[in-house]
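Q: Take a look at the following structure, please.
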């Protein structure tokens, strides 16, 4: 079980750094680095879907990954809330996963451009979501015994 949590923490950290980078790029209007041949990050970053209510989507992603990291780090210290934290992690990662699917759909079929940084964020959230399902199954098997 510990390996699954470590995988989730590493994916959350990578996702946070990735989202923080995209947030800084968006807020400072800096040029984004995109590996030639891997996509068109500028088109995605400058699209109408890069913000919601004036807030960069990347900032929301960074906050979600930060909350996930804090939950993983403090879950053992707050043992009375252990089960609730697992469900909170599940909720955040489920919503993040579904929203990442939506954004990937927009990249592929509406914007017609792929951002390597957005794909990395989606992969990280997917990994966290999968590990959360595994953790919840383990929790259910422990509580049913």
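Just so it is clear, none of the values below were taken in a lab; they were calculated from the coordinates. Here the structure is a predicted model, which is why all the values come from computation and not from measurement. Heads up, the Cβs are rebuilt from the backbone with ideal geometry, glycines too, and the neighbour counts pull from every protein chain shown.
Q: Please state the Cα pair-distance histogram of the range 1-80 with 5 angstrom bins from zero: what percent is in each bin?
A: Bin by bin from 0 Å, the calculated values are 3, 14, 20, 19, 15, 12, 9, 6, 3, 0.
Q: Something else about it: Taking the convex hull of the alpha carbon atoms in the chain, what volume per residue do you get, in Å³?
A: On the way: hull volume 16.1 nm³, N = 145.
Spelled out: Cα convex hull of the chain, divided by residues, is 111 Å³.
Q: Separate question: Can you tell which of 89, 25, 69 shows the greatest fluctuation in a Gaussian network model of the chain with Cα springs below 10 Å?
A: Judging by the Gaussian network model, the answer is 25.
Q: Using Cα pairs closer than 8 Å and at least 6 residues apart in sequence, work out the relative contact order for the chain, in percent. Please report the intermediate quantities before stating the final value.
A: Working: 158 pairs, mean separation 56.6, N = 145.
39 percent.
Q: What angle do you read, to the nearest 10 degrees and between 0 and 90, between the alpha-carbon axis of helix 82-105 and the longest principal axis of the chain?
A: Rounded to the nearest ten degrees, it is 20.
Q: Please compute the length gained on full extension between residue 104 and residue 14, using 0.36 nm multiplied by the number of residues separating them and subtracting their Cα-Cα distance. Spell out each step's value before the answer.
A: Details: separation 90, 0.36 × 90 = 32.40 nm, distance 1.84 nm.
Length gained between residue 104 and residue 14: 30.6 nm.
Q: Name the residue, out of 94, 74, 65, whose mean-square fluctuation peaks in a Gaussian network model built on the chain with Cα pairs under 10 Å.
A: In this elastic network of the chain, the residue with the biggest mean-square fluctuation among 94, 74, 65 is 74.
Q: Go ahead and set up a Gaussian network model of the chain, Cα springs under 10 Å, then flag whichever of 72, 109, 129 fluctuates most.
A: In the Gaussian network model the winner is 109.
Q: Mean residue ellipticity at 222 nm from the helices of the chain, using -39,500 (n - 2.57) per DSSP H segment of n ≥ 4 over the full residue count, to the nearest 500 deg cm²/dmol?
A: Numbers: 5 runs with 103 residues, N = 145.
That calculation yields -24500 deg cm²/dmol at 222 nm.
Q: I would also like to ask the following. How would you rank 67, 73, going from fewest to most other Cβ atoms within 10 Å of each one's own Cβ? List each step's numbers first, then the result.
A: Values: 67 15, 73 11.
Fewest-to-most ranking of 67, 73: 73, 67.
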